[in-house]
Amino acid sequence: MAASAESLRPSTAGLLLRLWQSSLGKKYVMAITGLILFGFVVVHMLGNLQFFAGPTLLNEYAEALKSKPPVLWGARLVLLLSAVLHITAGAQLANANKRARPVAYANSKPLVSTLANRTIIISGLVILAFIIFHLAHFTIGWVDPNYLELRDLVGRHDVHEMMVRGFQNPLVSGFYVIAVALVALHLSHGVASILQSLGLRSKNTEPHLKKLALVAAAVLFLGFCAIPIAVVTGLIR
Amino acid sequence: MNLTLRVWRQKNANTPGQFVTYQAQDISPDMSFLEMLDVVNEVLIKRGEEQIAFDHDCREGICGMCSLVINGAPHGPLPHTTTCQLHMRSFKDGDTITIEPWRATPFPVLKDLVVDRASFDRVIQSGGYVSVSTGGAPDANALPIPKDSADKAFDAAACIGCGACVAACKNASAMLFVAAKISHLSLLPQGKVEEERRVLNMVAKMDEEGFGNCTNIGSCEAACPKGISLDNIARMNRLYLKALLKSNL
């Protein structure tokens, strides 16, 4: 429940709290954390695509990412915090929405709706499950501890080989493709929503918002899926 | 025309309601939807039964009093049309029509199809006005207003406060209504002065009343009898962020 109108008095300390307590404030939190996570996904895809340039470039890039632990852990912290805030704010907003319509209509079909926004919560939850598995798989090495021991010719961690071995498992590749498809679906609504929630929609920008979101989703889907498909089909081994 | 109506009947806010089926017979296609209900009610009165309660006032599409979710669509199937301006020629002989009240926690059902929309009044009272000092009336053209601003303000001011946006939204969000009021006043120089206080207070009141949140889909815009655009919600989002940051300076 938000602060009452009377309590809205200037107070620097209370700004973040007021932001969090208001419906619009929470939408900004959703939008900004969503934007951070979207930015990460784009950079991650670009990094991954170096897979096609061969082991040298990819392993060098991976080593460079890990060469400055404060930067690495700083980025990881920002991403973790963004994910936690995104999920918490999303859950609270969804609960408030449910409370606002306790009795459903006989005909519950909304006037406007897309697959992406009908499934936004479930796609988010599956993506969360995937992220946990994905980290356990490639970052922590729980699935196969040998992954982290792989070395290339000059002694660097052989990320290229790890990806090839990882994606040779059709179950891993299958789950990966499904998860990436859900990321794309989530973002096809999410990217346009970020811009609307931050107030960047107008008569002039409106026709482009949805197109931008669809293009972003399609590019991410193709970019991420290219790797498991190349491995499973044996194009790259 | 002969029609079958499935109408939501509910004694009061504290009693659960249910659908009751009625036959509407010898309906003229030129009747408005409300006139059709009047005919059904006359039959009910003759039979000694309780009439179907529904809201209405001007029956000209401008007062915002009529409501009704008709076959799942607030104000029925026609775009940019209030229930009172919806005519029976939009339906086919033999149709079954489901009629429900607006459904939202901040719009409790008072009786049958009548809901209490006082939550909208309280949102308006929290800042949806321009405080004008008394004095002589200013010259008509003393305050120049750009055509673009005047057009946008007028489009937003077309909101009649009927609540169809809340009824249509899957989250029962009132953001289109609140955004229309904020836009209408803040785009004009007279309303600009109180812009920040207005947007902070109206959004806080909207939340307090228990409306849901916008998920940027647009059912509200599709249901709005006055065609209020989602652009207004984006404007509210901008103004609120600006006001929140400035209020802490």
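The values are calculated or read from the model by the stated rules, or taken from the named source; none is laboratory data. What you see is a predicted model, and the numbers here were worked out from it, not measured in a lab. Neighbour counts run over all protein chains shown; Cβ positions are idealised from the backbone, glycine included. Protein only, heavy atoms only, side chains kept; ligands, DNA and RNA dropped before computing areas. Shrake-Rupley method; radii C 1.70, N 1.55, O 1.52, S 1.80 Å.
Taking every DSSP bridge with both residues inside the protein assembly as shown, close to 75 percent are antiparallel. Within 10 Å of the Cβ of each residue in B:215-224, the mean number of Cβ atoms contributed by other protein chains is 6.
Residue pairs exceeding 25 angstrom between C-alpha atoms, taken from A:Lys27/A:Lys203; B:Lys111/B:Lys170; A:Lys26/A:Lys66: A:Lys26/A:Lys66.
If you take the Cα centroid of the stretch A:78-99 and the Cα centroid of the stretch B:176-249, the two points sit 22 Å apart. Counting only DSSP beta bridges with both residues in the stretch B:3-110, the antiparallel share comes to about 75 percent. Helical runs (DSSP H, four residues minimum) scored at -39500 (n - 2.57) apiece and divided by the length of chain A put the mean residue ellipticity at 222 nm at -23000 deg cm²/dmol. Under conditions of 4 °C and 1.567 mPa s, the stretch B:77-234 yields 76 µm² s⁻¹ as its translational diffusion coefficient, taking Rh as the Kirkwood radius over Cα pairs in the Stokes-Einstein equation.
How big is the Rg/Rh ratio for the protein assembly as shown, C-alpha atoms only, Rh by Kirkwood, two decimals? Rg divided by Rh gives 1.07.
Amide H contacts for B:Ile97 (H built 1.01 Å from N in the peptide plane; partners 5 or more residues away or on another chain; cut-off under 5 Å): B:Thr4, B:Leu5, B:Arg6. Accessible area per residue for the stretch B:3-110, computed on protein heavy atoms with a 1.4 Å probe, is 48 Å². So how far, in whole Å, is the C-alpha centre of the stretch A:144-180 from the one of the stretch B:78-115? Using only Cα atoms, the two centres lie 58 Å from each other.
Here, P(r) means the percent of Cα pairs in each 10 Å bin from 0 to the largest distance; for the stretch B:3-110 it is 14, 49, 33, 4. Applying 1/(1 + (r/R0)^6) with r as the Cβ-Cβ distance of A:Leu79 and A:Ala106 and R0 = 56 angstrom yields a FRET efficiency of 0.80. Where only DSSP H runs of four or more residues are counted, chain B gives -10500 deg cm²/dmol as its mean residue ellipticity at 222 nm, each run worth -39500 (n - 2.57). Other residues lying with their Cβ under 14 Å from the Cβ of B:Ser131 contribute a combined charge of 0, Lys and Arg counting +1, Asp and Glu -1.
With R₀ fixed at 60 Å, the C-beta to C-beta distance from A:Leu200 to A:Asn146 puts the FRET efficiency at about 0.80.
For the pair B and A, the buried accessible area comes to roughly 4000 Å² in total, with a 1.4 Å probe and the value rounded to the nearest 100. The calculated FRET efficiency for A:Ala136 paired with B:Thr21, based on their beta-carbon distance and R0 = 60 Å, is about 0.60.
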